[in-house]
Each structure stands twice: as C-alpha cells, then as structure tokens.
Amino acid sequence: MADDSAESQSSTTDSTFTDKILRLFGRFVCAGYLFYLLILIPNIRDAAATTAAWWTPLAISAIFGTAVALGLSTFLPQTIWIRRTAAVNAIAYLLVACAWWPAWTGEHVQGFGTWLANIPGVAGLAAAAAWQPAWALLYLGVGVTLVQLINHTIREAPLFYLLIPDLSAALMFCTVFVAASVVALRTGQTLDATIASTHAAAAGAAAAAAKDVERERFNALIHDTVMSTLLAAARTDSDSTVAEQSRRTLARLDHLRSGVESAERLDPDAVLAQLRSAASEVDENVAFTSHVGSNANTVEFPSEPVSALAAALSEALRNSKKHAGPDARRSVDAIVEETRIEVTVCDNGIGFDPRAVPTHRLGIAVSIHARLRSIPGGAADVASTPGAGTTVTLSWQRAEKAPR
C-alpha cells in the first residue's frame with residue numbers, strides 16, 4: 001500500500017532536507033579531518049620539537065577527537081548534537097591555535113610552518129554547520145589570520161611582507177568551500193520551507209473542499225427537511241406527528257446556526273453505516289467488521305470527525321488498491337466506543353518503507369495525516385514493512401469536558 005505521494009510522519013530522523021544535508025555535512029567534515037591527519041603526520045612529528053611536550057597531544061586530541069565526535073553525532077536521532085559538536089570542534093581549533101603561543105619554545109624552522117595552517121578551512125566548515133553564515137565567515141577570518149601569523153613567526157627567516165598575500169590566498173581558498181556549504185544548508189532550509197507551505201496549502205484546500213461538501217450536504221438536508229415539514233403542516237389533515245417533525249427541524253436549524261458543532265448528530269449505527277459506505281465505494285470486496293461498545297449505544301457523535309475518518313479511510317483503501325499488489329486482500333475494522341472511534345485498515349500486500357517515501361509527496365501527508373490532525377482529537381498512524389503488508393490506524397477521541 002505504498003503511497004506514491006507521502007512520507008510517514010512517524011519517522012523522527014532525517015525528516016527534513018536540512019537534517020539530511022547536515023548529517024552528510026558532518027560526516028564530510030569528520031572524513032576531511034581524518035584525511036588531513038594521515039597526510040600531516042610527518043609535519044606534526046617535525047613541529048613537535050618547536051613546542052612544549054604537552055601541546056601536540058593536546059592539539060591532536062582537541063581537534064581530531066572532537067572531529068570524530070562530530071562524525072558519530074550524525075548517527076544520533078536529534079541533529080542538534082551535530083551543531084553542538086561542530087561548535088565544540090570549531091572552538092577547540094581556535095583554542096589550540098591560541099595555546100601555541102605560550103607552548104612555543106622559540107625555535108625557528110625552515111621549509112615549513114605550523115601544520116595548523118593546513119586545516120582552517122575544515123574548521124571553517126564545522127563553524128558553518130554550527131552557526132549562522134555571518135558568524136561562520138567571521139570565524140574563518142579569525143582562524144586563518146591566527147594560523148598565518150603562527151606560520152610566519154615560526155619560520156627561520158620570517159618574511160612578514162608576504163603575510164598579506166599568504167593571508168589573502170588562504171582566505172580566498174577557504175571561503176570558497178565555506179560559502180558552498182552555507183549555500184547547501186540554505187538550500188535545504190528553502191526546500192523544507194517550500195514543502196511545509198505546500199503541505200499547509202494542500203491541507204487547507206482539502207479542508208476547505210471537505211467543508212464545502214459538508215455544507216452542501218447539510219444545506220440540502222435542511223432544505224428538504226424544512227420543505228417537507230412546511231408541506232406537512234400545510235395539509236388540512238395533518239396530525240400530531242407534524243409537531244414532532246417541526247421540533248426536530250428547528251433543533252437542526254439551531255445547531256447549524258450556532259456553529260458550535262455539526263448540524264447532524266450520528267448514533268453508532270449511522271457512524272458505522274457511513275464508514276462502511278466509504279469503504280465499499282472504493283473496494284466492494286473489502287472485509288468490513290465492526291464493534292460497538294456497551295456504553296456507546298445511547299451516545300451520539302458529531303458528523304465532522306466521522307466524515308474525516310471516512311475520507312481518510314477511502315484514501316487508505318485507494319492507496320492499497322493502487323500499490324499493495326493485485327493479490328492483496330484488504331480488511332477494515334471499526335470500533336465505536338463511548339468516547340472514541342477507531343478504524344483500522346489492513347492489507348497483506350507488498351508493503352513499503354515509510355521513511356523512503358520522498359518528503360515532497362502529499363498523499364498520506366495531506367489526505368490522511370493532515371485531514372485527521374485538522375479535527376480536534378484526530379490522529380493517524382501508518383505502519384508498513386516491505387513484504388509484510390500495511391496497517392493504517394485512524395482514530396478520533398472525544399474531548400473530555402472540563403469539570404464544573
């Protein structure tokens with residue numbers, strides 16, 4: 001019953017494009033650090049002689065250790081940990097660069113500078129994952145300036161007139177990658193905003209269409225009732241039943257005018273009849289079973305949640321007929337209790353992975369989830385596994401009245 005137009009809302013990871021890009025981005029930054037660590041081992045070994053013994057182990061642990069933590073955080077359910085570990089890594093890089101100055105032994109070298117000057121761009125990528133673009137670019141400028149000053153200070157023959165050209169070249173090189181990362185993250189946010197607005201617009205349109213249909217049905221019902229009551233009263237041989245009919249008509253008109261709840265109230269039999277009708281309209285062969293709670297026989301239900309459940313039921317069956325496979329069997333089980341209505345739609349078809357359905361598709365998201373969420377007390381759950389069929393659970397819970 002794999003709907004080609006929705007992603008299950010039950011997934012708590014990778015629910016947005018921003019999340020997906022951020023996870024890939026964190027793994028890329030971690031891999032970049034580890035790659036640089038491998039190629040910088042000779043430089044790190046040679047530069048260790050120019051600093052106190054504590055600085056090199058501290059630098060490696062702080063920079064590359066937090067990079068590994070960043071990579072691991074991309075597998076956690078909440079992406080906030082990716083941003084937090086990226087921020088820790090970016091700050092650790094600056095602190096290590098600042099700690100170099102008191103750790104420096106005063107010894108100069110020839111032919112190379114500090115190995116820190118090779119990775120400010122990677123640290124800048126971590127900053128882009130952690131903070132807003134303006135702060136990330138500011139961080140990059142501070143980080144590149146700091147390590148270039150170290151680079152020129154440690155050389156045996158410092159040529160400070162080359163500082164500005166070296167600084168400009170490093171900034172230009174690193175900014176290209178940081179800017180690209182900012183664009184990628186912004187693209188994810190734009191896609192998420194577009195999808196959210198599309199879902200909202202589609203849900204609003206569906207709700208408006210449902211209300212129009214309900215209004216037309218209610219108007220037709222009231223119109224016919226009113227007309228039949230007036231015609232009955234106009235007959236000279238009208239009996240006492242006309243008075244009762246008139247009272248029922250006035251009560252319906254009062255409900256419709258007040259707008260407190262739907263004009264029509266349904267008993268359990270009427271609820272089941274509407275649900276059974278919605279199911280049979282889509283699949284005449286569907287197995288429909290029902291159960292009415294012992295305390296529900298005297299209870300009436302508003303028609304709006306019943307209509308929403310019936311429409312979502314129809315959508316679930318349509319999806320099943322379209323995607324579950326030609327040999328799939330479908331069943332509907334409806335439970336009506338005093339305070340709730342629950343409808344379960346099952347099939348034994350091919351199933352699907354709800355997390356693999358593209359976010360921009362709208363079928364289940366709008367026609368089932370959004371439709372049920374639009375009514376107070378409504379809820380929907382779509383559970384499916386490839387090869388194991390699909391179960392859609394639709395429910396409505398009556399709101400508890402506040403104690404007087």
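The values are calculated or read from the model by the stated rules, or taken from the named source; none is laboratory data. Note that the structure is predicted; figures quoted are calculated from it, not measured. Here Cβ is always computed from backbone atoms with ideal geometry, including for glycine, and neighbour counts include all displayed protein chains. With ligands, DNA and RNA removed, areas are computed over all heavy atoms of the protein, side chains included. Shrake-Rupley method; radii C 1.70, N 1.55, O 1.52, S 1.80 Å.
For segment 99-109, the condition of being of a type in the set (G, A, S) and either under 17 Å from R23 (Cα atoms) or surrounded by 20 or more Cβ atoms within 10 Å (Cβ to Cβ) (or both) holds for none of the residues. Of all residues in segment 76-122, those satisfying the criterion of being small (G, A, S), under 19 Å from G143 (Cβ atoms), out of contact with any His (no Cβ under 8 Å at 6 or more places or on another chain) and modelled with pLDDT under 90 are A117, G121. Report whether or not A59 is at pLDDT 85 or above and either over 21 Å from the mean Cα position of the chain (by Cα) or not basic (K, R) (or both). In short, yes. Condition test on G293, is it at pLDDT 80 or above and farther than 29 Å from K322 by Cβ? Yes.
Checking V332, V336 one by one, the residue that is over 20 Å from T390 (Cβ atoms) and buried (at least 16 other Cβ atoms within 10 Å of the Cβ) is V336 and no other.
Every condition in (1) open to solvent by 20 Å² or more (accessible area, probe 1.4 Å); (2) in contact with a His (Cβ under 8 Å, 6 or more places away or on another chain) holds for R318 except the one numbered (2). Scanning segment 35-54 for residues that are within 12 Å of G113 (Cα to Cα) and either β-branched (V, I, T) or surrounded by fewer than 13 Cβ atoms within 10 Å (Cβ to Cβ) (or both) yields I44, T50. Report yes if T153 is open to solvent by 60 Å² or more (accessible area, probe 1.4 Å) and at pLDDT below 90, otherwise no. No: the conditions fail for T153. Between E300, E304, the distinction of being touching a Lys or Arg at 6+ places or on another chain (Cβ under 8 Å), open to solvent by 60 Å² or more (accessible area, probe 1.4 Å), over 19 Å from F352 (Cα atoms) and not small (G, A, S) belongs to E300 only.
Would you confirm, using the coordinates I've provided, whether A202 is under 19 Å from the mean Cα position of the chain (by Cα) and either open to solvent by 60 Å² or more (accessible area, probe 1.4 Å) or modelled with pLDDT under 75 (or both)? Spelling it out, A202 is indeed under 19 Å from the mean Cα position of the chain (by Cα) and either open to solvent by 60 Å² or more (accessible area, probe 1.4 Å) or modelled with pLDDT under 75 (or both).
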